[in-house]
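Below is one structure, written out as structure tokens, with a few remarks after it.
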Amino acid sequence: MSEASLGGHFTFPGTSLMVQRIGYGAMQLAGPGVWGPPKDPDGAVAVLREAVAAGVNHIDTADYYGPHVTNKIIRQALHPYATGVVIVTKLGGRRPPDKSWQPAISPQDLTAGVHDNLRNLGLDALDIVNYRVMAAGHGPEEGSIAKQVTVLADLRRQGLIRRIGLSNVTAAQVAEAQAITDIVCVQNNYNLTHRDDDALIDDLARQGIAYVPFFPLGGFSPLQSSTLAFVASRLGATPMQIALAWLLHRSPNILLIPGTSSVAHLRENLAASQLTLSPQTLAELDGIAGAIAVKQ
């Protein structure tokens, strides 16, 4: 697969970091429940190397995946990193022995998290760090993030972080963070059926800021829709390929990070960039979220 076929390019604002619009999310490289080592460590390394060989140069990770597991696999598979590979990591969470997901938001937590990422990835500085808000519910919750963003801005001035992004945030939190430092990307839950961020995506696009949907395929509950299945059958693709292709069509600032531990599934995800969706097909797919909202 050529680099040109991975959905085109995007350059993070104020940087020289240019990535393919289809990247790779590393969360599934860890063991079940994103805990411990994978069942097939060699397979995890093979997936990463296949992704980069196919032209992927945007890899999303977090040191609390495992914890520490995915970053160590990334380092094993790809270090020294090829020129142009952009690794985006996250801070704000931790995984205690009970395997839960807990906030880690003190200055000490955030600083230690940066050093953990640097050590386990084998880097001197982190390309982009997203501050992940670990809300009590499943989605973003309002509340000030100024203290945490200020810590990251200080770490950036120290040269340990090059750029800052946000994850699981509201539009108000984005604006609050932008008053403190430049924000290059926002990573939230968004897909064909979960479209709460439509207005935010359009606002970020006007500013040239990347929007990176996590759970682009529905996450732990894969997208289910008769319309999606019908469109996929008509176009000779899988429903998941159609869902990814729709995201690429949705806005030019959307970057995809579908994750998988399978080389075959990786190739299937990357092939979604070759699909062209007609205006009629896009209208059909746009109606899915509204139909689901009516049912609920």
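Just so you know, all these numbers are worked out from the coordinates, no wet-lab data involved. Not measured: the values here are computed from a predicted model. A quick note on method: Cβ atoms are made from the backbone with ideal geometry, for glycine too, and the neighbour counts reach across all protein chains shown.
Points to keep in mind about this one:
- Against the criterion of being within 25 Å of S278 (Cα to Cα), polar (S, T, N, Q) and crowded, with 17+ Cβ neighbours inside 10 Å, N168 does not qualify.
- Taking each residue of the range 117-139 that is closer than 30 Å to D196 by Cα and looking for partners that are among the hydroxyl-bearing types (S, T, Y) and surrounded by fewer than 21 Cβ atoms within 10 Å (Cβ to Cβ) with beta-carbon atoms closer than 9 Å, six or more apart or interchain, yields D127/T15; I128/T15.
- Test: residue in the range 93-101 that is farther than 24 Å from F220 by Cα, in contact (Cβ under 8 Å) with a residue 12 or more places away in the chain and among the charged types (D, E, K, R): no
- Flag for T15 being hydroxyl-bearing (S, T, Y) and in a helix (DSSP H, G or I): no
- Applying the condition of being among the polar types (S, T, N, Q) and within 25 Å of S5 (Cβ to Cβ) to the range 198-252 and asking which residue is surrounded by the most Cβ atoms within 10 Å (Cβ to Cβ) yields Q241.
- Inside the range 29-51, residues that are within 25 Å of S221 (Cβ to Cβ), in contact with a helix residue (DSSP H, G or I) (Cβ under 9 Å, 6 or more places away or on another chain) and either surrounded by fewer than 19 Cβ atoms within 10 Å (Cβ to Cβ) or acidic (D, E) (or both) make up a count of 6.
- All conditions in (1) of a type outside the set (A, V, I, L, M); (2) surrounded by fewer than 24 Cβ atoms within 10 Å (Cβ to Cβ); (3) within 26 Å of T15 (Cβ to Cβ); (4) within 18 Å of the chain's Cα centre (by Cα) hold for Y64, with the sole exception of (2).
- Among (1) over 23 Å from W246 (Cβ atoms); (2) crowded, with 16+ Cβ neighbours inside 10 Å; (3) in contact with a Lys or Arg (Cβ under 9 Å, 6 or more places away or on another chain) - the single one G7 does not satisfy: (1)
- Matching residues, the range 35-56, being closer than 19 Å to F214 by Cβ and either touching a residue at least 40 places away in the same chain (Cβ under 8 Å) or within 13 Å of the chain's Cα centre (by Cα) (or both): W35, V47, A51, V56
- Of the residues making up the range 80-92, at least one is more than 27 Å from V151 (Cβ to Cβ), touching a strand residue (DSSP E or B) at 6+ places or on another chain (Cβ under 8 Å) and touching a residue at least 24 places away in the same chain (Cβ under 8 Å).
- Qualifying residue in the range 107-130 (condition: surrounded by 14 or more Cβ atoms within 10 Å (Cβ to Cβ), closer than 30 Å to S273 by Cβ and among the basic types (K, R)): no
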